[in-house]
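K.L.:
My questions all concern the structure below.
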Amino acid sequence: MAGQQARFVLKLRRNIALEGDLLLARMEVEAFSLAGVRGVADIKSVTQDIPGLRRLRGFGRLDLNVRENGIQAYVAEGPLTTLPDLIRRLSFVQRIYCVTARTAEALELLNELEEVLGPVLACHSNEDSLIIEAIPHYALFEFSQVVARRSKGRIETKQNLSAVLDALLGRTDARHAKSLAEAALSARSTTSHLSHDIHYYKAKFFPRLVRSILNICTQRLGDGSHRVIDNFVGSGTTLLEAATLGIPSLGVDIDPLSVLIAKAKLEAVQIDSRLLAEESAQAMQALEAQTTGQLALFDEPLHEVGKAPAIKFPGWLMKNRKMTARVAAGLQQEIRGVQSVVARCDPQVAGLFRVLMSDAIARKIRMRFLGTGVGRFSLTFAKPSIAQIFSKSLARYVKVAATSEWLRQTIHLEFADAQVVRGDARHIPSRSGGFDILMTSPPYLPASSGRESYAKARAPSLIALGMTTHEEVDSLADGSIGSMSGDGIDLESLSERERDIVEWLLRDELRAIKAKPTARYFLDMRRAFAEMRRVLSPGGYCVVISGKQSTFYQFSTRKALYTVQSALILAEEARQAGFEVEGLHDVQLVKLNRNARPRSLDDYYETIILLKSPDG
Ligand SMILES: C[S@@+](CC[C@H](N)C(=O)[O-])C[C@H]1O[C@@H](n2cnc3c(N)ncnc32)[C@H](O)[C@@H]1O
């Protein structure tokens, strides 16, 4: 049995729009023990080699829901025993076709697979060959985002997920199930599945990117248990992806709000959906009562709302002309209303409630920092109230919890342990050599526009959560790499490339303010790389995602003045810290926010810096 071979056709998700994703998709497929991996642009042509595939019908049809341009599938050969891993781990594939000889052993494996991986397979056989169709687990995670959105509550979400899986594998003809499956297959963007969108967060990883990189690294490392660390964990994308792959992980971040978000992101997929539904219903009722003025007499804490001290916004926010005294008082009242509900919830859902409140505040009060580091920002307010945004999120998270329960029950998904601690990447609070994979994305250059805003933009949330006061909020970002304080810098210790940009900034009157913070950024990253090297085991992989480059433009004409090769600079720092640089891969991103940068129609690339800790 061990030697039985199979041919695999791995049909890519239709919504892969970027060449960078294709690159990762291919690297991921190649990382599994498969031979002769080749991309096919016309998936139908595969039937010349494997005629049996021509007979497939329904959602199994080879050419249904395929990418419109470019590679539609990868074709490869390898041991049949690779199939479970492909189903459990592949990130970019919507359907696996596996063709193998019809042996007793193959049939036995199939039976076992269904028990271990859930009802994600369908099998067709003729006299001597078997065609197995399988829906990869990750495709189901992504589909669940679409299904949950179209479902009413926790029970319906679970029913619809089962219906979609049945429709995809031809087990039902129900129109409702088929139309949901169609919607799931053709969704344009699927980056917010499970709890990935728990809080508004700029500069988040794309989940598929993280997952494929974790797969590539674990495959290259070979058998054994692995541990992952993200030392700039942010909203916790790496940890959630590692958890679904069964890899234990640790996240570190200096920002207390990020720590809270990352923790809640992981808790949200473990919460009992019934409890959450009850708690959410109570919370929504209480919020509704606040707006209609019908507070229940016995509702002690709601009466307390009026007595609680109002939260205060920082002086610089109060100075904005849109933040009139009346507007501020209204917002403070809204925040206190939600705070009172959050204060009363069951401790098991408290982390989630707090993070969703913070998210609602961040979505209501929107600050966008502009210019060259002098703290200028535009302020806008979303139309719905904070309570409305919060209630909508609660309803969504009941469905997230239900989805996660369905995945645990149906495909036996188990979440590996993940811890999040507040700490400094320049002094990682962990022993040496304790991790095999480090996957991270540090803050980008402070020199690029608006970088100083990290803590400021979250000030109202942080204050509402009781994590800081309106007076202290500005100092919260001090330990952050790339914050705007840049004292005590030794410019002499910079590399030539680094010094060049710092000196250029110093010469530019409007940008001189960013010179020292930029120098400090490089030196902080130097310390961070030394720490990253320390905590990785010999032979371990370190993957850093960074903007490829930052370009400075003349303000009036938008003419490009200077381009910083950020990724090259970071790779050089990593090499100096003792890492082997295995490669730099540029990944083009779609820019959704065209106002984000000057000349924002220019292509924008991120770079995957692939590093290795030398073997011991
Ligand atoms: C680009 S974000 C990471 C986003 C993350 N990859 C995600 O998917 O959500 C960078 C993070 O680095 C954190 N950070 C900045 N300075 C730090 C330091 N000295 N130590 C640890 N974390 C730091 C910031 O708080 C921020 O959360």
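K.L.:
Quickly run through region 200-233 and pick out the residues that are of a type in the set (Ser, Thr, Tyr) and either in contact with a Cys (Cβ under 8 Å, 6 or more places away or on another chain) or surrounded by fewer than 24 Cβ atoms within 10 Å (Cβ to Cβ) (or both).
P.N.:
TYR200, TYR201, THR218, SER225
K.L.:
Being buried (at least 24 other Cβ atoms within 10 Å of the Cβ) and at positive phi is true for just one of GLY236, GLY246. Which residue is that?
P.N.:
Details: GLY246 fails: buried (at least 24 other Cβ atoms within 10 Å of the Cβ).
Matching residue, one of GLY236, GLY246: GLY236.
K.L.:
Would you mind stating whether GLY70 is out of contact with any helix residue (DSSP H, G or I) (no Cβ under 6 Å at 6 or more places or on another chain) and within 22 Å of ALA187 (Cα to Cα)?
P.N.:
Details: out of contact with any helix residue (DSSP H, G or I) (no Cβ under 6 Å at 6 or more places or on another chain): yes; within 22 Å of ALA187 (Cα to Cα): yes.
Here the answer is yes, as GLY70 does meet what is asked.
Listed here are the residues, each with its yes/no results for (1) at pLDDT 95 or above; (2) of a type in the set (A, V, I, L, M, F, W, C); (3) farther than 23 Å from VAL269 by Cα.
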| site | (1), (2), (3) |
| --- | --- |
| GLU414 | yes, no, no |
| ARG422 | yes, no, no |
| SER432 | yes, no, yes |
| SER449 | no, no, yes |
| LYS456 | no, no, yes |
| HIS470 | no, no, yes |
| ALA477 | no, yes, yes |
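K.L.:
Just give me the residues in region 343-363 being buried (at least 16 other Cβ atoms within 10 Å of the Cβ) and without any contact (Cβ under 8 Å) to a residue 40 or more places away in the chain, in sequence order.
P.N.:
Correct list: ALA350, ALA360.
K.L.:
Let me ask you something else. Could you please tell me which pairs satisfy a Cβ distance under 6 Å, a separation of 6+ or placement on different chains, a first residue in region 269-284 that is over 20 Å from LEU240 (Cα atoms), and a second residue that is assigned to a loop (DSSP other than H, G, I, E, B)?
P.N.:
Every condition considered, the pairs that remain are GLU279/CYS345; GLU279/ASP346.
K.L.:
Then there is this: Could you tell me whether any residue of region 527-545 is surrounded by fewer than 16 Cβ atoms within 10 Å (Cβ to Cβ), away from the ligand (no atom under 16 Å from the Cβ) and not in a helix (DSSP H, G or I)?
P.N.:
Within region 527-545, one or more residues are surrounded by fewer than 16 Cβ atoms within 10 Å (Cβ to Cβ), away from the ligand (no atom under 16 Å from the Cβ) and not in a helix (DSSP H, G or I).
K.L.:
Just wondering, is there one or more residues in region 233-241 that are over 10 Å from the mean Cα position of the chain (by Cα) and either over 29 Å from LYS158 (Cβ atoms) or within 16 Å of the ligand (Cβ to nearest atom) (or both)? Steps first, answer last, please.
P.N.:
Step one: list which residues in region 233-241 are over 10 Å from the mean Cα position of the chain (by Cα), which gives 233.
Cutting the leftovers down to either over 29 Å from LYS158 (Cβ atoms) or within 16 Å of the ligand (Cβ to nearest atom) (or both) gives us 233.
Yes, because at least one residue in region 233-241 is over 10 Å from the mean Cα position of the chain (by Cα) and either over 29 Å from LYS158 (Cβ atoms) or within 16 Å of the ligand (Cβ to nearest atom) (or both).
K.L.:
Here is a follow-up. When residues of region 271-285 are filtered for being surrounded by fewer than 21 Cβ atoms within 10 Å (Cβ to Cβ) and over 27 Å from the mean Cα position of the chain (by Cα), how many remain?
P.N.:
We begin by selecting, within region 271-285, every residue surrounded by fewer than 21 Cβ atoms within 10 Å (Cβ to Cβ); these are 272, 274-275, 277-278, 281-282, 284-285.
Pick out the ones that are also over 27 Å from the mean Cα position of the chain (by Cα) and you get 278, 281-282, 284-285.
Residues in region 271-285 being surrounded by fewer than 21 Cβ atoms within 10 Å (Cβ to Cβ) and over 27 Å from the mean Cα position of the chain (by Cα): 5 in total.
K.L.:
Which one is nearest to the ligand (Cβ to nearest atom), of the residues in region 248-265 that are over 15 Å from LEU356 (Cβ atoms), within 15 Å of the chain's Cα centre (by Cα) and in a helix (DSSP H, G or I)?
P.N.:
Selected residue: SER258.
K.L.:
Another question, then. Among the numbered criteria (1) crowded, with 22+ Cβ neighbours inside 10 Å; (2) modelled with pLDDT of 90 or more; (3) part of a loop (DSSP other than H, G, I, E, B), which one does MET439 miss?
P.N.:
Evaluating MET439 over (1) crowded, with 22+ Cβ neighbours inside 10 Å; (2) modelled with pLDDT of 90 or more; (3) part of a loop (DSSP other than H, G, I, E, B) leaves (3) as the failure.
K.L.:
Only residues that are in contact with a helix residue (DSSP H, G or I) (Cβ under 6 Å, 6 or more places away or on another chain) and closer than 13 Å to LEU407 by Cα: list them for region 112-134, please.
P.N.:
Passing the criteria: LEU117, GLY118.
K.L.:
Answer with yes or no whether ILE463 is at pLDDT 90 or above and not assigned by TED's automatic domain parsing to the domain that holds ASP230.
P.N.:
Working: at pLDDT 90 or above: yes; not assigned by TED's automatic domain parsing to the domain that holds ASP230: yes.
Considered against the rule, which asks whether it is at pLDDT 90 or above and not assigned by TED's automatic domain parsing to the domain that holds ASP230, ILE463 comes out as yes.
K.L.:
Further question on the same structure: Among the candidates ARG7, ARG38, single out the residue that is crowded, with 17+ Cβ neighbours inside 10 Å and either of a type in the set (D, E, K, R) or in the same structural domain as ASN215 (by TED's automatic domain parsing) (or both).
P.N.:
Values: ARG38 fails: crowded, with 17+ Cβ neighbours inside 10 Å.
Within the list ARG7, ARG38, the selection yields ARG7.
K.L.:
From the set of residues in region 577-600 that are over 24 Å from the mean Cα position of the chain (by Cα) and at pLDDT below 95, which is surrounded by the fewest Cβ atoms within 10 Å (Cβ to Cβ)?
P.N.:
ARG599
K.L.:
For ALA289, indicate whether it is within 16 Å of the ligand (Cβ to nearest atom), under 26 Å from ILE463 (Cβ atoms) and not assigned by TED's automatic domain parsing to the domain that holds ILE437. First the steps, then the outcome.
P.N.:
Numbers: within 16 Å of the ligand (Cβ to nearest atom): no; under 26 Å from ILE463 (Cβ atoms): yes; not assigned by TED's automatic domain parsing to the domain that holds ILE437: yes.
No; evaluated as a whole, the condition is false for this residue.
K.L.:
Mind checking whether some residue in region 189-208 is outside any loop (DSSP other than H, G, I, E, B), within 16 Å of the ligand (Cβ to nearest atom) and closer than 16 Å to PHE141 by Cα? It would help to see each step written out before you state the result.
P.N.:
Narrowing region 189-208 to residues outside any loop (DSSP other than H, G, I, E, B): 207-208.
Pick out the ones that are also within 16 Å of the ligand (Cβ to nearest atom) and you get 207-208.
Those still in the list that are closer than 16 Å to PHE141 by Cα too: 207-208.
Within region 189-208 (the criterion being outside any loop (DSSP other than H, G, I, E, B), within 16 Å of the ligand (Cβ to nearest atom) and closer than 16 Å to PHE141 by Cα), the answer is yes, since at least one residue qualifies.
K.L.:
Say whether the condition of being part of a strand (DSSP E or B), surrounded by 18 or more Cβ atoms within 10 Å (Cβ to Cβ) and modelled with pLDDT under 95 is met by at least one residue in region 553-576. Let's see the steps before the verdict.
P.N.:
Within region 553-576, the first condition is being part of a strand (DSSP E or B), and the residues that meet it are 553, 560-564.
From the residues that got through so far, the ones that are surrounded by 18 or more Cβ atoms within 10 Å (Cβ to Cβ) too are 564.
Going one step further and asking which of them are modelled with pLDDT under 95, we end up with 564.
Taking every residue of region 553-576 in turn, at least one turns out to be part of a strand (DSSP E or B), surrounded by 18 or more Cβ atoms within 10 Å (Cβ to Cβ) and modelled with pLDDT under 95.
The values are calculated or read from the model by the stated rules, or taken from the named source; none is laboratory data. Keep in mind it's a predicted model, so treat the numbers as computed, not measured. Backbone-built Cβ (ideal geometry, glycine too); neighbour counts: all protein chains shown.
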